[in-house]
Amino acid sequence: MEENKEEVVSKNFIEQEIDKDLAEGVYDHVQTRFPPEPNGYLHIGHAKSILLNYGLAQKYGGKFNLRFDDTNPTKEKTEFVESIMEDVKWLGAEFDDRLFFASNYFQEMYDCAILLIKKGKAFVCDLTAEEIREYRGDFKTPGKESPYRNRSVEENLKLFEEMKEGKYQDGEKVLRAKIDMASPNINMRDPVIYRVARMTHHNTGDQWCIYPMYDFAHPIEDAIEHITHSICTLEFEDHRPLYDWVVEECEFVHPPRQIEFAKLYLTNVITGKRYIKKLVEDGIVDGWDDPRLVSIAALRRRGYTPESLRMFVDLVGVSKANSSVDYAMLEYCIREDLKLKKPRMMAILDPIKLVIDNYPEDTIEYLDVANNLENPELGERKVPFGKELYIEREDFMEEPIKKYFRLFPGNEVRLMNAYFVTCTSCEKDEDGNVTVVHCTYDPETKSGSGFEGRKVKGTIHWVASSTAVQAECRLYENIVDEEKGKLNEDGSLNLNPNSLVILKNCYVEPGLVGSKAYDSFQFVRNGFFCVDCKDSRPEQLVFNRIVSLKSSFKITK
């Protein structure tokens, strides 16, 4: 009893509905799909839909289709098709040979339109788009019937064929479903199901000059592919009666069932295609995959992993109520995914030189360093150490503030995985900026030697200057100014001027030479970083900061 109870509690409402359909024999299998329109790059919200649909197919031993809803050639590009396919594969949603295009069903959709005309369920209308809106009415006022609504079947067939043959200009005539102009659901007030559009299609070329509307095409696509459960977001809830009407009137034997769930919203994050397009066109970001965005391509470039996005989607869950999730939850997920998987390397982002005056000249020793103290399975590496090192500028203060335990004149600290050093002096340039810090070391205090003498409160990381590799590090923050909110009063984006800081004079340990695109590491004390897939070269490494080490998000149990 307890086990059964636990199983029911753990299922979301969609899974409960699928269980019911299978138990009642409505369907004998489960088939889902992800149906993007190829008019932009996918974002984090789409990742939820992809993983939800694929996960349901996996859970019930069913199949998952990837289908492009490419019924609007005015906005669609092959570039978007290719990027979407890459995103879906990267997330791990396997569609095997089930890649489909709505445009491949244009003939079937046309045949369905003919069937509706013959049944007296569709008519050709000459009203303009503006007139159709006026006739439609509103939530308080029923619509008015088009003066062309009662054309004969024969006339409608003739006019629709002429639309197909290109005898009319764009917008001159449309085909409308004949349903109910007094329906309380405005979507049912004789919606347009075909329009004339002289556009070259990315898949069918110039074969067609009439194209189906999304609300007409989508249920037909699902029915043709034998989709059982059409999982979509809440804004399509009011469209469900039209979805059901289309599959019923077009006489599909096994109609799919539409179930809606809440969209994924992230606070202070830009997902709208219109806004992103403007950011790209204005040169504020360097493309749809700029790491400050939350397109899937941008998250991948920044260093997020499929595992972290799956964890995020699982934490968000599936519900019927719209809500907004803090971006910190997404950052929590990537930290959790990487912290035990990645080696902890030393990198100096804001360097000053440290000279150990009593260390032997021209000597390099190789120290044993654990790759990840929390995961011994990652093993150890050899890290070169010498007389001259680079340390972070913030790790030295000539006049220390209270509770500052790092380097200052007279203070002793541990160099991570190396020796104790005591600061003796510093050098400055003509502007008073510290350029070199001097210290002495105690050779008896080597890390791992069993030294049990005095204790020090401070430990700092370093890179040996003679073997250090110069690199560029890019520090990313939210492109939105979170304190002020996403939008200004005039509707423009409120941008964070510090969303990208580029540090060109960084130094990393030589173990990072040979790193490839998307390789990721934890840079000690500085955060998680990955090799940029666009700009990094073997001769000039470029690292993107994925996320800092500190988190404001806490899992509540």
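The values are calculated or read from the model by the stated rules, or taken from the named source; none is laboratory data. Predicted model only: the values in this text are computed from it and were never measured. Ideal geometry is used to build each Cβ from the backbone, glycine not excepted, and the neighbour counts take in all protein chains shown.
Would you say Val285 is of a type in the set (A, V, I, L, M, F, W, C) and over 17 Å from Glu225 (Cα atoms)? Criteria met by Val285. Scanning the stretch 243-283 for residues that are over 19 Å from the mean Cα position of the chain (by Cα), hydrophobic (A, V, I, L, M, F, W, C) and part of a loop (DSSP other than H, G, I, E, B) returns Cys250, Phe252, Val253. Does the stretch 381-393 contain at least one residue that is in contact with a strand residue (DSSP E or B) (Cβ under 7 Å, 6 or more places away or on another chain), at pLDDT 95 or above and acidic (Asp, Glu)? Yes, there is a match, as at least one residue in the stretch 381-393 is in contact with a strand residue (DSSP E or B) (Cβ under 7 Å, 6 or more places away or on another chain), at pLDDT 95 or above and acidic (Asp, Glu). As for the stretch 183-198, it holds at least one residue that is among the small types (Gly, Ala, Ser), surrounded by 13 or more Cβ atoms within 10 Å (Cβ to Cβ) and in a loop (DSSP other than H, G, I, E, B). Kindly provide the set of residues from the stretch 68-87 that are surrounded by 16 or more Cβ atoms within 10 Å (Cβ to Cβ) and closer than 20 Å to Tyr214 by Cβ, ordered by number. Within the stretch 68-87, Phe68, Asp69, Asp70, Thr71, Asn72, Pro73, Glu76, Phe80, Val81, Ile84 qualify. A residue that is out of contact with any Pro (no Cβ under 8 Å at 6 or more places or on another chain), under 24 Å from Pro443 (Cα atoms) and surrounded by 12 or more Cβ atoms within 10 Å (Cβ to Cβ) occurs somewhere in the stretch 324-345.
Okay, residues lined up against (1) touching a helix residue (DSSP H, G or I) at 6+ places or on another chain (Cβ under 6 Å); (2) closer than 24 Å to Gly317 by Cβ; (3) in contact (Cβ under 8 Å) with a residue 60 or more places away in the chain:
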position	(1), (2), (3)
Thr204	yes, no, yes
Pro219	yes, no, no
Trp245	no, no, yes
Arg257	no, yes, yes
Ala262	yes, yes, yes
Asn268	no, yes, yes
Arg274	no, no, no
Leu279	no, no, yes
Pro291	yes, no, yes
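Looking at the stretch 434-468 only, could you name the residues that are part of a loop (DSSP other than H, G, I, E, B) and among the polar types (S, T, N, Q)? Ser447, Ser449, Ser465, Ser466, Thr467, listed by residue number.
Looking across the stretch 51-67 at every residue that is in contact with a His (Cβ under 9 Å, 6 or more places away or on another chain) and not in a helix (DSSP H, G or I), the one that is surrounded by the fewest Cβ atoms within 10 Å (Cβ to Cβ) is identified as Gly61.
From Glu394, Glu377, Glu331, grab the single residue that is outside the structural domain of Arg525 (by TED's automatic domain parsing), in a helix (DSSP H, G or I) and closer than 30 Å to Ser295 by Cα.
Working: Glu394 fails: closer than 30 Å to Ser295 by Cα; Glu377 fails: closer than 30 Å to Ser295 by Cα.
Just a single option satisfies the conditions, and that option is Glu331.
Return the residues of the stretch 478-519 that are closer than 29 Å to Phe385 by Cα and assigned to a loop (DSSP other than H, G, I, E, B); say none if nothing qualifies. Answer for the stretch 478-519, where residues must be closer than 29 Å to Phe385 by Cα and assigned to a loop (DSSP other than H, G, I, E, B): Glu509, Val513, Gly514, Ser515, Lys516, Ala517, Tyr518, Asp519. Only one of the numbered conditions (1) touching a strand residue (DSSP E or B) at 6+ places or on another chain (Cβ under 7 Å); (2) closer than 30 Å to Asp290 by Cα is not met by Glu477, and that is (1). The selection criterion, being surrounded by 12 or more Cβ atoms within 10 Å (Cβ to Cβ), in contact with a Cys (Cβ under 9 Å, 6 or more places away or on another chain) and in a loop (DSSP other than H, G, I, E, B), does not hold for Ala471. Filtering the stretch 168-184 to residues that are touching a helix residue (DSSP H, G or I) at 6+ places or on another chain (Cβ under 9 Å) and more than 18 Å from Glu249 (Cα to Cα) leaves Tyr168, Gly171, Glu172, Lys173, Val174. When you scan the stretch 220-240, do you find a residue that is surrounded by 18 or more Cβ atoms within 10 Å (Cβ to Cβ) and more than 30 Å from Gly61 (Cβ to Cβ), even just one? Looking through the stretch 220-240, none of the residues is surrounded by 18 or more Cβ atoms within 10 Å (Cβ to Cβ) and more than 30 Å from Gly61 (Cβ to Cβ). Looking at Glu134, Glu154, Glu162, just one residue is surrounded by 13 or more Cβ atoms within 10 Å (Cβ to Cβ), within 30 Å of Lys178 (Cβ to Cβ), free of Cβ contacts under 8 Å to residues at least 24 places away in the same chain and out of contact with any helix residue (DSSP H, G or I) (no Cβ under 9 Å at 6 or more places or on another chain), and that residue is Glu162.
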